[in-house]
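S.K.: After the structure tokens below, expect a handful of questions from me.
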Amino acid sequence: QVQLVESGGGLVQPGGSLRLGCAASGFTFSNYRMSWYRQAPGKEREFVAYITSTGANTNYADSVKGRFTISRDNAKNTVYLQMNSLKPEDTAVYYCKAGRASYADYWGVGTLVTVSS
């Protein structure tokens, strides 16, 4: 059974930093592109970042470029999202996604990030 378990969410002040993790199991992690999405209160779920299966390529939403960094450790079956210079607009539930061509996507259940004074 596939599992994606996010961790690292919490309350942080504007300008602060947080590092999210997503631990994967039940599939061959190194064959999958990993992504982060987020959903703010009252908003649609939106793309944040992805990293290719080997970690050779990354991509970010314009709203987080220069502030967030996605990385992965295939030996640990874990993908990370380092979030710096956080803004109140970053407040959302953050979700981890695993994707592979011609296969169904897998989703975690999310972790809440609140950016507030």
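S.K.: Within region 46-67, can you find the residues that are part of a strand (DSSP E or B) and touching a helix residue (DSSP H, G or I) at 6+ places or on another chain (Cβ under 9 Å)?
M.R.: Result: no residue meets the conditions.
S.K.: Restricting the search to region 15-41, which residues are modelled with pLDDT of 95 or more, within 24 Å of residue 87 (Cα to Cα) and outside any strand (DSSP E or B)?
M.R.: Matches in region 15-41: 15, 16, 17, 40.
S.K.: While we're here: With the condition kept exactly as written, say whether any residue in region 82-98 is in contact with an Asp or Glu (Cβ under 6 Å, 6 or more places away or on another chain) and open to solvent by less than 10 Å² (accessible area, probe 1.4 Å).
M.R.: Checked against the condition, which is being in contact with an Asp or Glu (Cβ under 6 Å, 6 or more places away or on another chain) and open to solvent by less than 10 Å² (accessible area, probe 1.4 Å), region 82-98 yields at least one hit.
S.K.: Sort through 102, 71 and tell me the only one that's surrounded by 15 or more Cβ atoms within 10 Å (Cβ to Cβ), free of Cβ contacts under 8 Å to residues at least 24 places away in the same chain and among the hydroxyl-bearing types (Ser, Thr, Tyr).
M.R.: 71
S.K.: Right, next: When the residues of region 34-57 are filtered to those that are under 12 Å from the mean Cα position of the chain (by Cα) and either more than 20 Å from residue 113 (Cα to Cα) or among the acidic types (Asp, Glu) (or both), which remaining residue is least open to solvent (accessible area, probe 1.4 Å)? Walk me through it before giving the result.
M.R.: First, pick out the residues of region 34-57 that are under 12 Å from the mean Cα position of the chain (by Cα): 34-39, 46-51.
In the following step, the residues that additionally are either more than 20 Å from residue 113 (Cα to Cα) or among the acidic types (Asp, Glu) (or both) were identified as 46, 51.
Numbers: 46: 78, 51: 6 Å².
Per the criteria, the residue is 51.
S.K.: Condition first: touching a Gly at 6+ places or on another chain (Cβ under 7 Å) and open to solvent by less than 60 Å² (accessible area, probe 1.4 Å). Now tell me which residues in region 8-33 satisfy that. Spell out the reasoning first.
M.R.: First, pick out the residues of region 8-33 that are touching a Gly at 6+ places or on another chain (Cβ under 7 Å): 8, 18-22, 32-33.
Answer for region 8-33, where residues must be touching a Gly at 6+ places or on another chain (Cβ under 7 Å) and open to solvent by less than 60 Å² (accessible area, probe 1.4 Å): 8, 18, 20, 21, 22, 32.
S.K.: Looking only at region 88-117, count every residue that is basic (Lys, Arg) and in a loop (DSSP other than H, G, I, E, B) and tell me the total.
M.R.: 1
S.K.: Only one of 78, 69 is hydroxyl-bearing (Ser, Thr, Tyr), in contact with a Gly (Cβ under 7 Å, 6 or more places away or on another chain) and on the phi < 0 side of the Ramachandran plot; which?
M.R.: 78
The values are calculated or read from the model by the stated rules, or taken from the named source; none is laboratory data. What you are looking at is a predicted structure, and each value in this text was computed from that prediction instead of being measured. Neighbour counts run over all protein chains shown; Cβ positions are idealised from the backbone, glycine included. The area values use the complete protein model at the heavy-atom level, side chains included, leaving out ligands, DNA and RNA. Shrake-Rupley method; radii C 1.70, N 1.55, O 1.52, S 1.80 Å.
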